[in-house]
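Undergrad: This is the structure I want to talk about, given as structure tokens.
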Amino acid sequence: MTLGDVLAIMLVSALLLIATLYLWTGDQGIADKVVVASGGKIIAELDIHQDTVLDVDGFLGVSRVEVKGGQVRFVDSPCSNRQCILRGWVRESGDTVVCLPNRVSVTITGLDTYYDAVNF
């Protein structure tokens with residue numbers, strides 16, 4: 001192996017490392033807005049950086065959504081399995097939390113959407 005081969009391998013390795021770090025650790029999904037919908041209709045568009053508690057009328061009753069510190073979650077909902085509440089805080093653009101029985105959804109939107117997987 002020559003000096004040129006070693007330099008080429010080092011250069012390619014450095015480029016791969018830089019690309020990996022950029023793609024896996026950069027600002028992915030910068031969020032700016034929370035869109036709350038009930039029954040397929042948009043109820044509110046909230047600033048994700050302003051702390052807010054919103055009560056949303058749904059199919060079964062009232063769901064409570066909390067926006068705090070750049071993240072959002074369901075605090076309370078009349079559904080039986082409470083999966084929407086157990087989901088906890090979400091903060092990335094593109095994240096969605098849904099209470100299917102109550103037909104209430106919360107989606108975070110932003111400048112760039114983060115995808116954890118892409119299927120074709």
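Undergrad: I'd like to verify a number: residues in the stretch 40-49 that are touching a strand residue (DSSP E or B) at 6+ places or on another chain (Cβ under 7 Å) and either exposed (fewer than 15 other Cβ atoms within 10 Å of the Cβ) or among the small types (G, A, S) (or both), how many?
TA: 4
Undergrad: Same structure again: I'd like the residue in the stretch 50-60 that is outside any loop (DSSP other than H, G, I, E, B) and within 21 Å of the chain's Cα centre (by Cα) and, out of all such residues, is surrounded by the most Cβ atoms within 10 Å (Cβ to Cβ).
TA: Within the stretch 50-60, the match that is surrounded by the most Cβ atoms within 10 Å (Cβ to Cβ) is V56.
Undergrad: Among the numbered criteria (1) modelled with pLDDT of 95 or more; (2) among the small types (G, A, S); (3) assigned to a loop (DSSP other than H, G, I, E, B), which single criterion is violated by S63?
TA: Condition not satisfied by S63: (3).
Undergrad: Can you confirm whether the stretch 44-59 contains a residue that is in contact (Cβ under 8 Å) with a residue 60 or more places away in the chain and not small (G, A, S)?
TA: yes
Undergrad: Next up: For the subset of the stretch 83-114 comprising residues that are under 11 Å from the mean Cα position of the chain (by Cα) and polar (S, T, N, Q), which member is surrounded by the most Cβ atoms within 10 Å (Cβ to Cβ)?
TA: S93
The values are calculated or read from the model by the stated rules, or taken from the named source; none is laboratory data. Note that the structure is a prediction, hence the values are computed from the model and not measured. Neighbour counts run over all protein chains shown; Cβ positions are idealised from the backbone, glycine included.
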